[in-house]
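One structure is given below, encoded as structure tokens.
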Ligand code: ADP
């Protein structure tokens, strides 16, 4: 369960303050798929990146299961980040590593696993995202949808409780988008994983989200069940 309380964040460019998000309040339930939609520049990326503190808010609290992550020590933050996986619009895979090694990478970073344990986990994840026969390929040899499947497998490696999706299907064609969204829904249901996604596409919200918040100029202007917000949109 995540409670975002009075979160604001601005950037400074050439000594000018640019407000990105202002006084955001959101409640995200454990196990739900929560969508954040808005036009370009609305503050979506900034907001989702505060949830793993890739962006540190200027003010406000982010309570995850009751603990304020903005108060975490370095060590606490490191272990929290393992529980908060993230996938990206442009996949962010390591081009010089194979599919299997990309997925293995976050496991290796922990220093907690023996080689055989990592082998087993990588095989399990490859199966989950249906890429077993592509395990020895490099990212450049894969389609966009396959690259995002690698991104998803990698993000799940350390058994996260939360998955953050930053425009994860925006670089994909409609058919591939649907298959990636089905995979996310499947993972959400099988593992009870909480998913927070940002998108500028209403179709993505309609396809997978339970609840949605509409962001405009850095503020939440509407939020609720997807069916209600889509049936009676105010924005
Ligand atoms: P969205 O993801 O909805 O497109 P962003 O969170 O990227 O919105 O941006 C919100 C606002 O913050 C925009 O005005 C954008 O120009 C500004 N912004 C975002 N990132 C930076 C940055 N690193 N430096 C300066 N301004 C930024």
Test for residue 163: is it under 11 Å from the mean Cα position of the chain (by Cα), over 20 Å from residue 53 (Cβ atoms) and either buried (at least 18 other Cβ atoms within 10 Å of the Cβ) or at pLDDT 95 or above (or both): no
Elements of type strands (runs of 3 or more DSSP E) contained in the range 1-111, each with 1 or more residues being under 30 Å from residue 172 (Cα atoms): 2-13, 16-28, 33-37, 84-88
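Would you confirm, using the coordinates I've provided, whether residue 220 is touching a residue at least 40 places away in the same chain (Cβ under 8 Å) and closer than 20 Å to residue 48 by Cβ?
yes
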Search result, residues across the range 179-212 that are over 15 Å from the mean Cα position of the chain (by Cα) and either surrounded by 22 or more Cβ atoms within 10 Å (Cβ to Cβ) or within 14 Å of the ligand (Cβ to nearest atom) (or both): 201
Matching residues, the range 28-44, being within 15 Å of the ligand (Cβ to nearest atom) and surrounded by 19 or more Cβ atoms within 10 Å (Cβ to Cβ): 35, 36, 37, 38, 42, 43, 44
Residues that are farther than 18 Å from residue 27 by Cβ, surrounded by 14 or more Cβ atoms within 10 Å (Cβ to Cβ) and within 16 Å of the ligand (Cβ to nearest atom), drawn from the range 218-235: 218
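The values are calculated or read from the model by the stated rules, or taken from the named source; none is laboratory data. The shown structure was predicted, so the numbers you read here are calculated from the model rather than taken from an experiment. Note that each Cβ is placed from the backbone with ideal geometry, even for glycine, and that neighbours are counted across all protein chains shown.
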